[in-house]
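See below for the structure under consideration.
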Ligand SMILES: [Zn+2]
């Protein structure tokens, strides 16, 4: 799965060093700032047609980051780097910026990037209702086939996983996001977590059980993996 962590990486703009030999930001800051020059407050400015959050810091090199789902630009620049030099750096990075932004936009348009941080109470309630309704049908069905049932199901918005199972307590947690995706993906996760009531880990026995319960589980898994949580 790839998420904003990967996309949000920073790109050295004017570093002449190889990554391995580049001094740490702290070292650079110390070398660059013998008189304890300090960072200035962030400014939002327009550079080369982009809206950019500009951070002036006692550092040696400028860095460009693409942040968040809207692809906002953030530049950390040395205190005394001239604006024209910063603009030139942005200009040189234009293709890179536009490539990342196109990727964000594609994902957003396909509805495949899902923000798990800013859900309204109504949205959570709607997803909970969908899951309640699905589980009322799915749980009895799968409890009969699998031969075990969870002691409780809890919902939670999570950015790192679709579900989890605590075997000693028999409690299964489902990501609330599942309430906004196709029902067969909810079913995949519920069967996966219920299978953990027999088998921990994802070894041979686990895969054999999944194969027997849901012959198309891998295809469903791939479809689920297309959704990126952040
Ligand atoms: Zn698992």
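The values are calculated or read from the model by the stated rules, or taken from the named source; none is laboratory data. On a predicted model such as this, the values are computed, not experimentally measured, just so you know. Heads up, the Cβs are rebuilt from the backbone with ideal geometry, glycines too, and the neighbour counts pull from every protein chain shown.
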(Q) Restricting to region 152-165, name every residue that is away from the ligand (no atom under 12 Å from the Cβ) and either more than 18 Å from residue 115 (Cβ to Cβ) or not assigned by TED's automatic domain parsing to the domain that holds residue 135 (or both). (A) 152, 153, 154
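For every residue, the table says whether it meets (1) over 21 Å from residue 116 (Cα atoms); (2) more than 11 Å from the ligand (Cβ to nearest atom); (3) out of contact with any strand residue (DSSP E or B) (no Cβ under 7 Å at 6 or more places or on another chain); (4) part of a helix (DSSP H, G or I).
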| position | (1), (2), (3), (4) |
| --- | --- |
| 184 | no, yes, yes, yes |
| 189 | no, no, no, yes |
| 192 | yes, no, no, yes |
| 200 | yes, no, yes, no |
| 205 | yes, yes, yes, yes |
**Q.** Hits in region 112-151 - residues which are surrounded by 10 or more Cβ atoms within 10 Å (Cβ to Cβ), under 16 Å from residue 176 (Cβ atoms) and free of Cβ contacts under 8 Å to residues at least 40 places away in the same chain
**A.** 123, 125, 132, 133
Q) In this structure, is residue 123 away from the ligand (no atom under 16 Å from the Cβ), out of contact with any helix residue (DSSP H, G or I) (no Cβ under 6 Å at 6 or more places or on another chain), part of a helix (DSSP H, G or I) and modelled with pLDDT under 95? A) yes
